[in-house]
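The values are calculated or read from the model by the stated rules, or taken from the named source; none is laboratory data. Predicted model, so just to flag it, every value in this text is computed and none were measured. Here the Cβ positions follow ideal geometry from the backbone for every residue, glycine too, while neighbour counts run over all protein chains shown.
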Amino acid sequence: MDTVLDTTSRNRRALNPKPVAPVLFAHFVLRSSNMQPMIDWYSAVLNMHVVQRTDYICFLTYDDEHHRLGIVNAAGLKAPDATNSGLAHVAYTFADIGTLLSTYARVKKLGIAPARCIHHGPTVSIYYRDPDGNGVELQVDRYATKEATAAYFQTAEFKKNPIGVVFDPEALVRAYEAGAPESELLDMPKGPAAAPQSPPAKGVR
């Protein structure tokens, strides 16, 4: 009996009381009355594939994570309402400006147009609305390191204009195809500060 008690004591451990950060952002889940259009849209835009699908839910991923998105099938749902609080958008980072622009051009041929394009200063971002009206941002970091990108948030320039400047993606595509250096493509264009983005109006999909 004493031996059992000793073993139990040796195996005991205390939980760490200090706050810890998660190791990754795993996935998010949407409710939708448009299951197939939503699956098609995320498959096209983010190169996702279906992991498993039932009548109730579909799981999708684009990498070795078991799922990055879940779509719950629910009838009779309404589109996002601009008068309600909630998630504004989710964002995905691409490896470089060429990959971002290639994605823009590819999905444009599928009839998927951006809602707007903003150079925020730390990122170059192209915003879309999925078939239910949820905001999806595709972005690339302006700077080569996370430290440099984070440092931009502390600048007077960013404090003065934390939203950024609208840019023309077609002009950026032309510059890329003409051989402009990546540093030039990532430069923030001159222009007035972009207006804050509002959710879609009630009933708009």
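I'd like to check which strands (runs of 3 or more DSSP E) are fully inside the stretch 111-173 and have at least 1 residues that are farther than 22 Å from W41 by Cβ and either among the charged types (D, E, K, R) or in the same structural domain as A44 (by TED's automatic domain parsing) (or both).
On the way: elements: 116-119, 123-129, 135-141.
Filter on the stretch 111-173 gives 135-141.
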Look through A113, A178 and report the one residue that is free of Cβ contacts under 8 Å to residues at least 24 places away in the same chain and over 28 Å from V29 (Cα atoms). A178
One residue is enough: does the stretch 142-161 have a residue meeting the conditions closer than 17 Å to P192 by Cβ, of a type outside the set (F, W, Y) and either touching a residue at least 40 places away in the same chain (Cβ under 8 Å) or surrounded by 13 or more Cβ atoms within 10 Å (Cβ to Cβ) (or both)? yes
Which strands (runs of 3 or more DSSP E) sit wholly inside the stretch 3-101 and have at least 2 residues that are in the same structural domain as S183 (by TED's automatic domain parsing)? 89-93
If I filter the stretch 67-83 down to residues being modelled with pLDDT of 95 or more and over 14 Å from M35 (Cα atoms), which single residue comes out as nearest to the chain's Cα centre (by Cα)? R68
H89: passes all of (1) closer than 25 Å to E184 by Cβ; (2) within 17 Å of the chain's Cα centre (by Cα) but (1)
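Kindly indicate whether any position in the stretch 52-71 is of a type outside the set (D, E, K, R), loosely packed, with under 13 Cβ neighbours inside 10 Å and under 23 Å from G111 (Cβ atoms).
Of the residues in the stretch 52-71, the ones of a type outside the set (D, E, K, R) are 52, 54, 56-62, 66-67, 69-71.
Subsequent filtering for residues that are loosely packed, with under 13 Cβ neighbours inside 10 Å retains 52, 54, 56, 66.
Those still in the list that are under 23 Å from G111 (Cβ atoms) too: none.
No; the residues of the stretch 52-71 include none that is of a type outside the set (D, E, K, R), loosely packed, with under 13 Cβ neighbours inside 10 Å and under 23 Å from G111 (Cβ atoms).
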Go through the stretch 27-66 and count every residue that is among the aliphatic types (A, V, I, L, M) and either at pLDDT below 95 or in contact with a Ser or Thr (Cβ under 8 Å, 6 or more places away or on another chain) (or both). 6
For V165, which of the numbered conditions (1) at pLDDT 95 or above; (2) closer than 20 Å to C117 by Cα; (3) out of contact with any His (no Cβ under 8 Å at 6 or more places or on another chain) fails to hold? (3)
